[in-house]
Amino acid sequence: MQHCLVVDDSPIIRKYTRLIFEALGFRVSDAETHEEAYLRLETESPDLILLDWQMPSCNCHDFLSKVRTLPLQTAPYIIFMTSENDSVEINKAFSFGADDYLLKPFNREIIEMKLHDIRVAA
């Protein structure tokens, strides 16, 4: 069973995303902050990380860089979630280790298409 870690400061987004991914057969864990996500990554090795790009008092660039240096069983596929289609920020995220991005708001159909794209590319 694939494992998805959702990192977002919004409890609504975490719950909504959890429901979508669990319905798609994923095991899901979540974190409200980057610090909480680091703690989870000490004991978990998710296949996929969904990361909110706009979190208060968090530097997503540092988080991405640090995750890429962790000794995880497998390197997770990291998708950052954003509400703005800003090419400068998207390119910045890619340069720090993101694999893809997802525009908010999203729904199950969009997630399914994204997962299909990931599997086809793998």
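The values are calculated or read from the model by the stated rules, or taken from the named source; none is laboratory data. Because the structure is predicted, anything quoted here is derived from the model rather than measured. Positions of Cβ are generated from backbone atoms using ideal geometry, with glycine treated the same way; all protein chains shown enter the neighbour counts. SASA here: full protein model, heavy atoms, side chains in, ligands and nucleic acids out. Shrake-Rupley method; radii C 1.70, N 1.55, O 1.52, S 1.80 Å.
Quick notes
- Highest mean packing comes first when the peptides 97-107, 1-11 are listed by Cβ atoms within 10 Å, giving 1-11, 97-107.
- Share of carbon and sulfur in the accessible heavy-atom surface of the range 1-92 [1.4 Å probe, %]: 51
- Dipole axis of the range 77-122 (+1 Lys, Arg; -1 Asp, Glu on Cβ), positive-most option in Tyr77, Val88, Pro105: Tyr77
- Per residue accessible area of the chain, 1.4 Å probe, in Å²: 55
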